Each structure stands twice: as C-alpha cells, then as structure tokens.
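Read through the structure below, which is laid out as structure tokens, and then see the notes.
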Amino acid sequence: MRSHYCGDLNTSHLDQEVVLCGWVHRRRDHGGVIFLDLRDRNGIAQVVVDPDTEEAFARADRSRSEYVLKIRGLVRRRPEGTVNANMSTGEIEVLAKDVEVLNTSETPPFMLDEFGKVGEEVRLKYRYVDLRRPEMAEKLRFRSRVTHQIRNCLEEQGFLDIETPILTRATPEGARDYLVPSRTHEGHFFALPQSPQLFKQLLMVAGFDRYYQIAKCFRDEDLRADRQPEFTQIDMEASFVEEADIMGAAEGMIRKVFQESLGVDLGVFPHMPYSEAMNRYGSDKPDLRIPLELVDVGDLMANVDFKVFSGPATDPKGRVAALKVKGGAELSRKQIDDYTKFVGIYGARGLAWIKINKRADGLDGLQSPIVKFMEGIIDQLLDRVGAEDGDIIFFGADKAKIVNEALGALRCKLGEDLNLYTCEWAPLWVVDFPMFEENSDGSLSALHHPFTSPKCTPDELEASPADKLSRAYDMVLNGTELGGGSIRIHNQAMQQAVFRVLGISAEEQREKFGFLLDALKFGAPPHGGLAFGLDRLMMLMTGAKSIREVIAFPKTQSAACVMTDAPGEVSQAQLKELNLRLRVKAQAED
C-alpha cells in the first residue's frame, strides 16, 4: 500500500513519486494551501496540497488530527527559508497528487504534538493513542534495536536462545508468585515464573553449555513507584565458568550496546566489595557520579552526652555516620526540614546537622542545635570529614540498616537536587556479597537467592552462616542495578546445606526442589549466569523518568491496566469449572 515510510524520506528521494500512509499529526491552512504533517512509526513528513488538485484538496480540507490517510505525491526540496533542521525530513516535502482517507478519527483524548501535556492515567487508558506520539514511538523503536543488538552479541559468543516454561510451580525467590489454578488437576496451581532460574540451571545440567533468553517474568510485589508485576529479563547462563567469565561476557555486551546505540564508551568497570559500598555509600548500588561519601564517626560519639548518638555508637548493630556536603551551608532551614522528612521515609527518626560558617571561630563559627553536645570532639569530627567553611554535615544515628538506607538515599537526592554529578555514566561491579541477611526475628534469608554458591565448604557454611560470602556479583550503572548474577551451586550436598540454613526441612526440600536435587546428582557442571532488567536498561539509555515509558502496555503503580480494566471479575461458570469459590466479606448489618 505504501512505497516509503514518512520518516525515511530525504534529499536522495528528490523528484521521486512516493506513496505514504499514516496519521495526520497536524493540519495547517496557509492562504489556500493546506499543509499536512503525516506521521507513521518512523517519523513525520510534510505534505503540501495545492487547490489545483481539487479532489485531493477537498479531502485534505476535510481531514483532521489522527485521520488515516494514503497520499501519493512527488518529493521536492523545501523552498529556501522553510527548511526545518529539527526534523530528519526537514529538507524535503511531498507535493500531493492524490489524497485518500482510509479512516476518520474522533477528536483524540489528548493532543499528540509536542505541545500536548496530559496525566499518566489518561495516557495509559488510551495507550494505543499515546504510543503514536513520536517520542514514545522512538523509545519502542530504540528498544527493538537494542534487543536485536543483544541477541546478536550473545549469539556471536555461542549462546543459544532457548525458551523456558511460563507455567511452572511456586518456588521461594523473594516475592509472591502469581498463581494459576489448574482445571485438570483439581486443587492444584501453577505459578508464573519470577525468573527462569531453575530451568536455566537444568539446561546447564543437560549440557547446553550457553543459554540466553529475553524472558517475561512475574512478581506479585507490594506497590512500588517503579516496579511492574510483569517485566522483561535478559537472561544468560553458562557452564564451566568462573565469575570473571560471566562478568566479562556481560560487560562486553553492555559496552557494545552503549557504543552502537548511543556512541558512548562506558570506560572502566571498577569492582567494589559489598562491605565497602555499604560503608562508603550506604547502598549496594551506589551512584558513583556523586562525590559524597558516608564517614563513620561512632567512635567519636560513643561518650558524648547525647543518647541519640551515644546509643547507636555503643550498639553492635548500630551506626553513626556523617555526610559532608561541600557548600551546603547555603541550604535554607526549609530545605533542611524537607530533607529531614525525606529520610523519615527510610525509618530515620530525625536528621542532625552542623553548618560550618567559619571554622576558625571555633564553636561560635558553627551553626547547629546539637553542637553543644560535641564540645570535646568537634575538632576531631570536623577533621575526619574534611569540613571547610561553607560546608554542612548531616548525621545518621540508628541501627546500621536504617542509617545506610536513609543516608544512602539522602546522598542520591542531594546529588540530584544540587547537581553534583561529576560525569554522565558511572558503571560498577559490586562483588563479595554476604550469603545471607538477618531478618527481624533472627532467621536468615538468602541475599540473592538460595541457588547462589557460597565461598566456603558446606560444613563451614553451617557452622557460621551469617559471616559467609557468596560468589555473587551485580552490575550497577548510575545508582541503578542493571543486573545481578552468581556462580550457582552444582553440588547436591552444598544445596542441601543452604536449604538447612534457611530453615527448609528435608521434607520441604524434597517437595519443592526434588527435581533440582535429583538433577544435581547426575553430573551437574560448574555453572553461573546473570540476568539484566531490560526495562531498567531502556529507561537509563533513553533518559526516561519511569520504566512505564519504555514498556508498550505497562501496568499502573497499583498493578492494574486501566486500558483493559484488568484484573477483572470472571463468571461463576468459569470459577465452577476451576473448582474455585470466592470468599465474600460479610456485609455489615444496617
């Protein structure tokens, strides 16, 4: 039906007759000549319709925004002074010979040109219209190009694209499963996969050596601003590898994608142990573009007459840390109050601070409601954080987890608010993660997942699990975890030891993971892998503010689709066929 895409036309097509199909992006009537900006997925071309082509002119005159047109015409150079340097087709226009209206359109729910602004809820309800906007279409086209490059890169390295099941069984991987009732197996349920983790390990046992998949994953998580109940992973696994092999393959792939798609050289990927990342930045995914660092001051605060500091300083699980902001003394009291509210989101009960107005004046040169408690240690404190005139120091004092989360988040917010970024891209490998983390009740959970190999023997693991490190690694970019992986457990005894540490009984091991434990008995090779969040990667590469901007049909923050009104009710007949009955909450009596 068409000969060219609108956005592909340029001066190489001068004097050629073309046939275009698309939507009316904008219509302008200039002194009897009608200009139509015709849009398709590749871009916009300007079409000129003269009144001497009476039938075409009449149809163009009746056309409105989002009418679907077919236009036959001649490509010509735009008149001098009318070239649009902001358009890829800005040097040419199409003189229409024929205009055919393929379909009309009601007035769209919002304008699609660059001047139109509308709330996200409306955009998601009419997503099929929203995706016509050039900036949205470009994000999805960019995503398609990147996934193509990723496939090429992995296949060049010998990885095989193999699909794994969507209907599987529930396994503990850190989030709730989406359950699917089985009609043919009454009272039993499938689960949608949180990841292809166990199946890709089984593919290694099967001898496929190198696997990858662009995989759909599902997690029924509590509401978060930038999480989706269904998301896409770039999943990879390989046999007979060490950490350096997987990290090298993954790093090479990301380097190549950034170079080919953005012309960006990401440079060196430094390696940082988890303990150092938490100590210096309060986060296991630190944004290295921001020069601020946390400094431990607990030893100085242990004997101050201020329990807010001395309590955590003498608590083995506590931490007192300082965060110096160069030039931050200019912050207003309202800004400091706003930052105090911000850290409260992360459990902090307050945000102490000291402004250094003139250090040479001693205590008189400092501004703070807490400085009176620090008279004996103030010089040591200022020296340790490197404080100078014009700086501000923020303090966190609580359980180490709260201090790290609160000051780590504050560090990132200050970096954004004060534009402290020192570079555009800052990649990083975080390594040497703890094998487990302690829950509030004293039990242990796997920090990554229970199939990650520890850096010790099974006996050493069970003797003191809390201090053992894992063979895990995360790739971080600009404070976002792009991907995480590990060398996996390929020995049945080690896998059973990990399960026991996690409190999974032998009976539960057999019930939930019997197939894996059996597979590990039949010559499982050493193997490891990594999974990237494709949606997060696209968000970073396109500069989008949300992953919903780079997903064709995303859910809202409440895990709903306002376009299709999903999730929805089902009929009693369907429920009966599945042997299900809904439990209806009792209605209060009048």
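The values are calculated or read from the model by the stated rules, or taken from the named source; none is laboratory data. In this text, all values refer to a predicted model and were calculated from it rather than measured experimentally. Cβ placement follows ideal geometry from the backbone for every residue including glycine, while neighbour counts extend to all protein chains displayed.
What the table below lists for this structure:
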| read-out | value |
| --- | --- |
| Residue that is nearest to GLN492 (Cα to Cα) [pool: residues in region 192-218 that are modelled with pLDDT of 95 or more and of a type in the set (Gly, Ala, Ser)] | ALA206 |
| Qualifying residue in region 384-398 (condition: within 28 Å of the chain's Cα centre (by Cα) and either without any contact (Cβ under 8 Å) to a residue 24 or more places away in the chain or not in a loop (DSSP other than H, G, I, E, B) (or both)) | yes |
| Complete set of residues in region 46-75 that are surrounded by fewer than 17 Cβ atoms within 10 Å (Cβ to Cβ) and not in a loop (DSSP other than H, G, I, E, B) | GLU54, GLU55, ALA58, ASP61, ARG62, VAL68, LYS70, LEU74 |
| Unique residue being over 20 Å from ALA409 (Cα atoms), in the same structural domain as PHE395 (by TED's automatic domain parsing) and small (Gly, Ala, Ser) when the list is GLY318, GLY311, GLY327 | GLY311 |
| Yes/no for VAL101 being surrounded by fewer than 17 Cβ atoms within 10 Å (Cβ to Cβ), closer than 17 Å to ASP37 by Cβ and out of contact with any strand residue (DSSP E or B) (no Cβ under 8 Å at 6 or more places or on another chain) | no |
| Residue list for region 334-373, restricted to those being at pLDDT below 95, in a helix (DSSP H, G or I) and of a type in the set (Lys, Arg) | ARG359, LYS372 |
| Those residues of region 432-467 which are touching an Asp or Glu at 6+ places or on another chain (Cβ under 7 Å) and either part of a loop (DSSP other than H, G, I, E, B) or under 23 Å from ALA409 (Cα atoms) (or both), in sequence order | LEU447, HIS449 |
| Residues of region 188-201 that turn out to be touching a Phe, Trp or Tyr at 6+ places or on another chain (Cβ under 8 Å) and either not in a loop (DSSP other than H, G, I, E, B) or not assigned by TED's automatic domain parsing to the domain that holds THR232 (or both), as a count | 5 |
| Elements of type helices (runs of 4 or more DSSP H) in region 84-187, at least 3 residues being in contact (Cβ under 8 Å) with a residue 12 or more places away in the chain, out of contact with any helix residue (DSSP H, G or I) (no Cβ under 6 Å at 6 or more places or on another chain) and not hydrophobic (A, V, I, L, M, F, W, C) | 120-125, 134-156 |
| Residue in region 300-308 that is free of Cβ contacts under 8 Å to residues at least 24 places away in the same chain and aliphatic (A, V, I, L, M) present | yes |
| Given (1) within 28 Å of LYS555 (Cα to Cα); (2) of a type outside the set (A, V, I, L, M); (3) out of contact with any helix residue (DSSP H, G or I) (no Cβ under 7 Å at 6 or more places or on another chain), index of the condition ARG59 fails | (1) |
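Residues checked against (1) within 24 Å of LEU131 (Cβ to Cβ); (2) within 38 Å of the chain's Cα centre (by Cα):
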position: GLU17; (1), (2): no, no
position: CYS21; (1), (2): yes, yes
position: ARG26; (1), (2): yes, yes
position: PHE35; (1), (2): no, no
position: ARG39; (1), (2): yes, yes
position: VAL48; (1), (2): no, no
position: ALA60; (1), (2): no, no
position: LYS70; (1), (2): yes, no
position: GLY73; (1), (2): no, no
